[in-house]
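Note sheet for the following structure.
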Amino acid sequence: MDHTHQEKTPKLNGLGGTSAPPEPAGQERTGHHTSTATTPGAQRRVLVVEDDPTIVEAIAARLRAEGFLVQTAADGPAAVETAAAWHPDLLILDVMLPGFDGLEVCRRVQAQRPVPVLMLTARDDETDMLVGLGVGADDYMTKPFSMRELVARSHVLLRRIERAAVAATTPRPGSVRLGDLEIDRTQRRVRAAGKDIHLTPTEFDLLMCLARSPRAVLTREQLLAEVWDWADASGTRTVDSHVKALRRKIGAERIRTVHGVGYALETPPGFAGEPAARSQGGSEV
């Protein structure tokens, strides 16, 4: 992972950051998780799930310093229980956990209530990343990572949810059709070959971004900036993994890779596109 943004502070169990400062007043430790009293200006709730107490306290302390309300859980069952009772706005979730792993936590939490998930993994294994995205995670980071980047990505995920909520109240009319692929902007639903396709919010935004310019090649940096609101090139592997996850759902042939550049959403021969687009030979599909 590119450590361009790694903070110039001692690493803590592979994480960029300093040791956790004293717990703020008003916080009580209760069982597997901690509850933080409301602080002035704090609006967003983050549940951090990590079984290493040093790492979890370092992450929690940094997020609290950013104005978040934070609770922590040390194992799978405690994470699901806390999420159900506390309704976090964001879940930061380690893959390897006691009880049951982070993938199962993600499945169960998403079944209760959709929530953006940032997964943490100790292994740079793309298979694990794709599985995590497949069960509803929105983004992932591989340890070791910069605390600054973790905070930035947390803000990005929350901003995207806010934008989606605004878009839901002021939707653009109509649907995008690319052959047998239909993207309903209003309901944020996708159908391919007559079947409903379940996409995560991030996958839908990625597909919509590609669909706005059919056949046009968008660079990884462009996609990262538009979909993730993250301009650092160190995150381009996130784009690659999300594209692979999206291909698994809508069909690999629909997204073309331009090696060394980026991706394009393919269209059927003779596709006319949206009303303003022109057919490139043949009848409209």
Built amide H within the under 5 Å cut-off of residue 49, gap 5+: 73, 92, 93, 94
Separation in nanometres of the label points that stand 7 Å from Cα toward Cβ, at residue 163 and residue 104: 3.6 nm
Amide H within-cut-off set for residue 140, under 5 Å, with H built and near neighbours excluded: 119
Integer Hz, Karplus 6.51/-1.76/1.60 couplings in order for the range 154-163, x for Gly and Pro: 4, 4, 4, 4, 5, 5, 5, 5, 5, 5
Cβ-derived FRET efficiency at R0 30 Å, residue 122 paired with residue 225, nearest 0.05: 0.60
Karplus (6.51, -1.76, 1.60) ³J(HN,Hα), θ = phi - 60°, over the range 236-243, in Hz, Gly and Pro reported as x: 5, 5, 4, 4, 4, 5, 5, 5
C-alpha center-to-center spacing [the range 185-219, the range 54-85] in angstrom: 32 Å
Extension reserve of the residue 196-residue 247 stretch, reckoned as 0.36 nm per residue once the Cα distance is removed: 16.9 nm
Distance in nm between pseudo-label sites at residue 186 and residue 259 (7 Å out along the Cβ direction from Cα): 4.4 nm
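Assuming 0.36 nm per residue, please report the length gained on full extension of the stretch residue 217 to residue 131 beyond their Cα-Cα distance.
Contour length minus the Cα-Cα distance gives 28.3 nm.
Readers should treat all values here as calculations from the given coordinates under stated rules, not as data from a laboratory. Bear in mind the structure is a predicted one, so any value in this text is a computation, not a measurement. Every residue, glycine among them, receives a Cβ derived from its backbone with ideal geometry; neighbour counts consider all protein chains shown.
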